[in-house]
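Written out below as structure tokens is the structure these notes cover.
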Amino acid sequence: MASRLVVKVTHGPEALERLNQAITVAATAVASGVEVSLWLTGDAVWLAVPGRAEQLTLPHAAALADLRDALLDGASVTVCGQCAARRELAPEDLFGQVTIRGAAAFVEEVMAEGTRSLVY
């Protein structure tokens, strides 16, 4: 059985329902005691910027800001390096718990024994 879950989110506000599904699954896993690594790519990287999730609402869904906060507290949160660069985001633009890493780190995480991964 997997003891770790890696969730990669490839969509942001342009696909709000898909974004919310991914964040909800990751936060639910954290609440269930699963070790979670959340990777934000594409426009999902904006969730790592203070104040951005508060601007997004989806009917009948938990608030993205609340889910984000649960993940910042209980998961490892990573922003894709290329995605951050394309949006001119530097570490100081992100929440302090968030790291910026590249594809090699992602591959290392998903290939680790006991890990399952989901991509949204």
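The values are calculated or read from the model by the stated rules, or taken from the named source; none is laboratory data. Since we're looking at a predicted model, the values are computed, not measured. Here the Cβ positions follow ideal geometry from the backbone for every residue, glycine too, while neighbour counts run over all protein chains shown. With ligands, DNA and RNA removed, areas are computed over all heavy atoms of the protein, side chains included. Shrake-Rupley method; radii C 1.70, N 1.55, O 1.52, S 1.80 Å.
So, in region 43-59, how many residues would count as being under 11 Å from the mean Cα position of the chain (by Cα) and over 11 Å from L16 (Cα atoms)?
Selection size over region 43-59: 4.
Could you check region 4-26 and list, in sequence order, the residues that are open to solvent by 10 Å² or more (accessible area, probe 1.4 Å) and in contact with a Lys or Arg (Cβ under 9 Å, 6 or more places away or on another chain)?
R4, L5, T10, H11, P13 - these are the residues of region 4-26 that are open to solvent by 10 Å² or more (accessible area, probe 1.4 Å) and in contact with a Lys or Arg (Cβ under 9 Å, 6 or more places away or on another chain).
Restricting the first residue to region 44-57 and requiring it to be among the aromatic types (F, W, Y), which pairs with a second residue that is open to solvent by 40 Å² or more (accessible area, probe 1.4 Å) meet a Cβ separation below 8 Å and a spacing of at least six or different chains?
Listed pairs, sorted by first residue: W46/P13; W46/R52; W46/R87.
Please work out if E109 is modelled with pLDDT of 95 or more, open to solvent by 40 Å² or more (accessible area, probe 1.4 Å) and either out of contact with any Gly (no Cβ under 8 Å at 6 or more places or on another chain) or not small (G, A, S) (or both).
No; evaluated as a whole, the condition is false for this residue.
Has region 32-42 got any residue that is surrounded by fewer than 16 Cβ atoms within 10 Å (Cβ to Cβ) and farther than 15 Å from V79 by Cα?
Yes: one or more hits.
Restricting to region 15-60, count the residues that are part of a helix (DSSP H, G or I) and within 17 Å of R86 (Cα to Cα).
The total comes to 7.
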